[in-house]
1. Rounded to the nearest 5, what % of the DSSP beta bridges within the chain are antiparallel ones?
2. At 7 Å along Cα-to-Cβ for each site, give me the label-to-label distance between Ile170 and Lys7 in nm.
3. At a 1.4 Å probe radius, carbon and sulfur cover how many percent of the accessible area of segment 1-157?
4. Find the accessible area per residue for the chain; the probe is 1.4 Å, ligands and nucleic acids are left out, and the unit is Å².
5. Does segment 105-146 come out rounded, prolate or oblate, given a ≥ b ≥ c as the square roots of the eigenvalues of its C-alpha gyration tensor, rounded meaning a/c under 1.5 and, failing that, prolate meaning a/b above b/c?
6. Please work out the FRET efficiency for the pair Gln40 and His116, using the Cβ-Cβ distance as r and a Förster radius of 41 Å; give the result to the nearest 0.05.
7. Could you report the accessible area of Glu144 in Å², rounded to 10, computed with a 1.4 Å probe on the protein chains as they sit in the structure?
8. In deg cm²/dmol, rounded to 500, what helix-only [θ] at 222 nm does the chain give when every DSSP H run of at least 4 residues adds -39500 (n - 2.57) and the total is split over its residues?
Amino acid sequence: DAPVVCKQFQDVRTSYQLGPELGAGAYATVYEGVESATGQQHALKAIEKIHVDAPTLKGEIDILMKVAGCDECMDLHHVFEDARFVWLASTMYRGGELFDAIVAHCERGETYTEQHAAVMIAQVIRAVGHCHDVGVIHRDVKPENILLKNPDTGSGSLDDLDVVLVDFGIS
């Protein structure tokens, strides 16, 4: 099979050590990865090419390149392609999904206050505004596609709230 996104095949394992699976969706799985050259941890999204056509894959990569530079939008470090997958390497956001943080707060009998919501929504609006400024419409903004940047982000302090918009697959 010929490459559909990159000019040539390159095994992601030449640059990254693959770690455990972080999550899976309809057509992709995200793994923890450590960049061999720098030791930096990244999230590696493995998109199975059999489930997504080439224009869609190229479109997602183009979109990620367009939204680069906004602190509240997912960034893209590297793209790799092998016979089966296109791999997108991005920053590792360790805080998990906003949705899960909301559920965990509720299970503990806690809630996010209106002030918490205002801080988080302001960041999401900055992300969406940036997307619109560069000609991108996300089309799937929801708590599952908003990640907390750090594990302590959802701890309750307004100063620690830091979110990022991810999953530009249907943008």
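The values are calculated or read from the model by the stated rules, or taken from the named source; none is laboratory data. This is a predicted model, so every value here is computed, not measured. With ideal geometry, Cβ positions are generated from the backbone for all residues, glycine too; neighbour counts draw on all protein chains shown. Note: areas computed on protein heavy atoms with side chains; ligands, DNA, RNA excluded. Shrake-Rupley method; radii C 1.70, N 1.55, O 1.52, S 1.80 Å.
1. So the antiparallel bridges amount to about 95 percent of the total.
2. 3.5 nm
3. 53 percent
4. In whole numbers, the chain has 54 Å² accessible per residue.
5. Oblate, since a/c reaches 1.5 and b/c is not below a/b.
6. About 0.85, to the nearest 0.05.
7. Around 60 Å² of this residue is reachable by solvent.
8. After summing the helix terms and dividing by residue count, I get -8500 deg cm²/dmol.
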